[in-house]
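The structure appears below as structure tokens.
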Amino acid sequence: EALEAVEAAEAPAVEAPPAPAPKLKKKKAKKGPKGAAGAAALEALEAVEALEAAEAPVVEAAAEAVVEEPALAAPEPVVAPEPVIAEKKLSPKEAKKAALLAELEALDDMDDVPPPPKKNKKKEKKSKKAPEPEPVMEDEIFEEETFDVPTAAAGEAEPGLTLEEKKRRERGSARVRLIESSGSGKASVRLENINVVFKNTEVLKSATWGVTTGERVGLVGANGGGKTTQLKVLAGELEPTGGDVVLSANDVKIAYLKQEFSESLVLTRTLREELASVFEKEAALLAELAEAEASLAAGADGALEAYEALQEKAADSDAFSVEALVDKVAVQMGFGDADLDALVASFSGGWKMRIGLAKVLLEKPDVLLLDEPTNHLDLESVEWLEAFLREQTLAMVIVSHDREFLDQVCTRIVDTDRGVCTSYDGNYSRFLKQKRERTKQWEAAYKRQQTKIKTDKDFINKNRAGSKAAQAKSREKALEKLMSSPDLVERPPTDKKGLRFRFPEPPRCGLDVLHCEGVAHGYGDDDLFEGVSFDLRRRDRVAILGANGAGKSTLLRVLAGTEDPRSGNAGFGSANVVAQYFAQNQADALDLSKTVLRTIEDASSTGAERSYNELRALLGQFLFKGDDVTKNLEALSGGEKARVALCAMMLSPSNVLFLDEPTNHLDIPAKETLEDALRHFDGTVVVVSHDRYFVSQVANTIFTIEDKQMSRFDGDYHAYMDAKDELRDRVEGRYVAGGSKIAKARFVDLDELSQESGGGKKKFGGGMHGGSGRKDKGVKNAKRMA
């Protein structure tokens, strides 16, 4: 009887809402948000009244059922089940009632709430046919809205958060995914929508590209553009701010040869020991095996079983073949048998690069990452490396500013410009052609759209009132839609203003700058050079050339006074000579724990002291702006470290510059700027470089070291190349199609510049100076070249 009473009470509650439906006239709800809101409010109110009318008999019937049931079931009605039954039967109705009341309150505030989107109106119409789901939908929508509001409020409440911190909060934990259904047998790694933010600077924006076995991808772009950052993400050394790293399998092995590879070398080891250091697990296993063998010889209990187990384990891991593998790879790298027992410290920078490459290849990687591998390499070594890499089948990603090297090795180029990556099939020559065509089309599309936008704006401004006002309003809406849509063509990138600087005005000194007589030097039992004699005078510009290991950097250190020769004399010829030495590897010369600004401030305190504003202006010339000056040097790329060192050098006036591979890690615009600064330097320059383009623009004299003897050629590199037919053919055969070629040096007439300046006040950073192009150098006991 109680159930029948409940069913009878529920019937009018369900039929109550449809009863007044004809009075609502649903068509009127289409007139606007107010009509729809009124209809919804009326329907909700009637539903509530129906529920209240049906509530009393339901409760009464339920109470009677409760009274009768305990009397039949037990003599002690102690549990007081009445509220429990009432709660079970009435909770759905109370929930409906509370939801409808909440809806009514929301409808009362409709004037303060913007009109709902169209899709919500459709849901509202559906809810009239089925009124029960309506409160649920409203609750879900309300929860979503309230979830978004605190997020925005939190952003406003924490203005101190950097863009990097906000991005990381949104992203959550890092993701490394596997390619689904990858059964090709090829190893691959891919970046998908990778974003990297340092503080408030976006380094990478949705970078998406990958590399597979057999491909050799070249990463190109300006310094600081994110090339090395992408290598670190691929190697797992840097967690991106957003995006995924996708691997073909869990066991894909990635090896990374860094710019400052020499930091990982132990100079006191022999070459064989350094290469064998890759096999740490195998070495530990062999050490355990030796101990087990000693225990076996001593007759220890269980020694035989332990020895046999370790021997089997060593055989399975190829621990016994490590020495043979090391010797094989060393031969592939061009080392001889005698080199295996030589100390790592005895090798030149170019041969150390081969050691670093041998170590990463011994790891047997599936993917090889190379960051500026041609730094420190002479032409012969570069050609060897090109042939070696082309023979490999593993996947490669190469960062290099050597255009000819990329042209010879790479099968695809990924261009990184302002954080955006674009992939081009083919080698570097094809990349240049495709990029020029793409840029041309981009500029044309941008120009057309900007012309259309200007035309529309002019029409709108002229016809805001009058007979064409409606047409102007329509165009204005269309223009606003275009400006916020993805159809808006972005401004094409333009060549950024490169770093521009002049070395400080050098202190005055005599014409005789450097005197060298009978100098010999070497390491161990070997002499690198002997009988070196020459004189350098003011405004001389000398490039020292030679094969890797010939002693170029060693001779430069002897001339700079940082090393004493074994025999002979080398010294400055005037009392007022002030020299500066630029080290080959800036990671060894700089304190990496300091910030960029602190490094420059320290250089200023020991040299030409400048104000804070002057130092910031100087750093700006070297492209260090905003938060960049607060970065630690250890976080900088090789090119950025080189710029810091050059910036510090500017603060110390000198009249002699010794530069050892100054263009390593510099991009092409930075190289050209350095060339221009050296041409305008009114002092003496001695430079060691394997960059033929750079040497051709800064040197008017060529020194070469070959077979322990130094030879001299009076003239620039273009003339030197013309004098050697074989060299000219090799160099010209490597030219990149559509790229630059080696040209004659463009020297500056310093005397004419001095007269034009009229002895006026120099600008910050020194005046404009350059090479003299003198041919009558003082030379002693130096073999002359025809």
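The values are calculated or read from the model by the stated rules, or taken from the named source; none is laboratory data. Values in this document were obtained by computation on a predicted structure and should not be read as measured data. Backbone-built Cβ (ideal geometry, glycine too); neighbour counts: all protein chains shown. Areas reflect the complete protein model, heavy atoms only, side chains present, ligands, DNA and RNA absent. Shrake-Rupley method; radii C 1.70, N 1.55, O 1.52, S 1.80 Å.
Roughly speaking, to the nearest percent, how much of segment 275-381's 1.4 Å accessible area is carbon and sulfur?
Working: 2690 of 5160 Å².
In segment 275-381, the share of accessible area belonging to carbon and sulfur is 52 percent.
HN-Hα J couplings of segment 396-404 from phi, Karplus 6.51/-1.76/1.60, θ = phi - 60°, integer Hz, Gly and Pro as x?
Karplus values, whole Hz, x for Gly and Pro: 9, 10, 10, 9, 7, 9, 7, 5, 5.
What residue among Ala560, Asn585, Ser574 has its Cα farthest toward the positive end of the dipole of segment 517-604, where the charges are +1 on Lys, Arg and -1 on Asp, Glu, each on the Cβ?
Toward the positive end, the furthest listed residue is Ser574.
Within segment 479-569, report the chymotrypsin sites (Phe, Trp or Tyr not before Pro) that DSSP leaves as loop and that have at most 15 other Cβ atoms within 10 Å.
Answer in residue order: no site qualifies.
Quick one: which residues, 5+ away or cross-chain, put their amide H under 5 Å from the amide H of Leu204? H built at 1.01 Å from N.
Placed amide hydrogens put Val196 under 5 Å from Leu204.
Tell me the carbon and sulfur percent of the accessible area for segment 517-628, rounded to whole percent, probe radius 1.4 Å.
Result for segment 517-628: 43 percent of the exposed heavy-atom area is carbon or sulfur.
Amide H neighbours of Asp378 under 5 Å, counting only residues 5+ apart in sequence or on other chains, H built in-plane at 1.01 Å?
Amide H neighbours of Asp378: Asn548.
Express the accessible area of segment 213-324 per residue in Å², computed with a 1.4 Å probe while the remaining protein chains stay in the model.
Details: 5650 Å² over 112 residues.
On a per-residue basis, 50 Å².
Using θ = phi - 60° and the Karplus relation 6.51 cos²θ - 1.76 cosθ + 1.60, list the HN-Hα couplings for segment 718-734 in order, rounded to whole Hz, with x at every Gly or Pro.
Karplus values, whole Hz, x for Gly and Pro: 4, 5, 4, 5, 5, 7, 10, 4, 5, 5, 4, 5, 5, 5, 5, x, 9.
At what distance in angstrom do the alpha carbon centres of segment 338-355 and segment 442-521 lie from each other?
When both Cα centres are located, 49 Å separates them.
How much accessible area per residue does segment 461-559 have, in Å², with a 1.4 Å probe?
Heavy-atom SASA per residue in segment 461-559 reads 55 Å².
Starting at 0 and stepping by 5 Å, how many percent of the alpha carbon pairs of segment 369-488 end up in each bin?
Histogramming segment 369-488 at 5 Å steps yields 2, 9, 14, 14, 11, 8, 7, 6, 7, 6, 5, 4, 3, 2, 1, 0 percent.
Across segment 520-525, in residue order, what do the Karplus-derived ³J(HN,Hα) couplings come to in whole Hz, using 6.51 cos²θ - 1.76 cosθ + 1.60 with θ = phi - 60° and x for Gly and Pro?
9, 7, x, 9, x, 8
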